[in-house]
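The values are calculated or read from the model by the stated rules, or taken from the named source; none is laboratory data. Note that the structure is a prediction, hence the values are computed from the model and not measured. Note that each Cβ is placed from the backbone with ideal geometry, even for glycine, and that neighbours are counted across all protein chains shown. Accessible surface is based on the protein model in full, side chains and every heavy atom, while ligands, DNA and RNA are left aside. Shrake-Rupley method; radii C 1.70, N 1.55, O 1.52, S 1.80 Å.
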Amino acid sequence: MNVAIVKYNAGNIYSVVNALRRLGIEPLLTDNAEQLQKADRVLFPGQGEARGAMNYLKARRLDEIIRDLKQPVLGICIGQQLLCRHSEEGDTDCIGVFDADVKRFLPERHEDKVPCMGWNEIKFSDEGSALRDPLFAGLGEHPYVYFVHSFYVPLCSETAAISDYILPYSSAMHKGNFHACQFHPEKSGAVGEKILKNFLAL
């Protein structure tokens, strides 16, 4: 299987490369439009800052390439945020696959720390399994996964999973061939490995 990872100026990409290697996949790390278009699966991971990331993508017209991809795509962490319409981080216009705007966490109590960092549960927005994003097939009702983020996507029609930190927010999203998660499957143990396997099997 030909799996491509979008190469751009974001951190933490190599942990995704290593997670895929553990599954027997040698991914292609690329910012080449043709290679992304020809891949069987595309991952769009990373940690970083929205404006700088979008400037890099737009300079290479990768924002348009990503938006038009037809194969399964998985955004991770800032990848989920950049697939949205707009981010409060740097007042940045993003790719616009998901019809949602990214917001900054605003602490409400002393114990509310930003960034949100650590393990938290995800709950599925369908409250059943029939409509669940196939990314989460075979998982229990409230699996725990690993997060590091200061911005979040509010609940919306494209929310696929929900987490609570200060307020309920979209910890995963789904629209057509686009899947995304705010958490890091590559750092989420057996649950994250199952999610990556499910993505490869879509």
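Below is a table of values for the structure above.
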{"read-out": "Segment 83-202 - Debye-derived log10 I(q)/I(0), Cα point model, q = 0.10, 0.22 Å⁻¹", "value": "-0.29, -1.36"}
{"read-out": "Distant-in-sequence amide H partners of A160 (H built 1.01 Å from N, under 5 Å)", "value": "A172, M173, H174"}
{"read-out": "For the chain, accessible area per residue (1.4 Å probe, heavy atoms of protein chains only), Å²", "value": "44 Å²"}
{"read-out": "Segment 52-80-segment 1-50 distance, computed between alpha-carbon centres (Å)", "value": "11 Å"}
{"read-out": "The chain, Cα convex hull volume normalised per residue, Å³", "value": "104 Å³"}
{"read-out": "Amide H contacts of F183 (H built 1.01 Å from N, under 5 Å, at least 5 apart or other chain)", "value": "C77"}
{"read-out": "Rounded percent of accessible protein surface that carbon and sulfur make up, segment 47-202, 1.4 Å probe", "value": "51 percent"}
{"read-out": "Highest to lowest packing among 75-87, 3-15, 187-199, scored as the average C-beta count within 10 Å", "value": "75-87, 3-15, 187-199"}
{"read-out": "For the chain, calculated [θ]222 nm from helices alone, where every DSSP H run of n ≥ 4 adds -39500 (n - 2.57)", "value": "-6500 deg cm²/dmol"}
{"read-out": "Cβ crowding within 10 Å averaged over residues, with 52-61, 95-104 ranked highest first", "value": "95-104, 52-61"}
{"read-out": "Most to least packed among 39-50, 137-148 [average Cβ atoms within 10 Å]", "value": "39-50, 137-148"}
{"read-out": "Per residue convex hull volume, Cα atoms of segment 6-46, in Å³", "value": "58 Å³"}
{"read-out": "Rounded to 5, the percent of DSSP beta bridges in the chain classed as antiparallel", "value": "60 percent"}
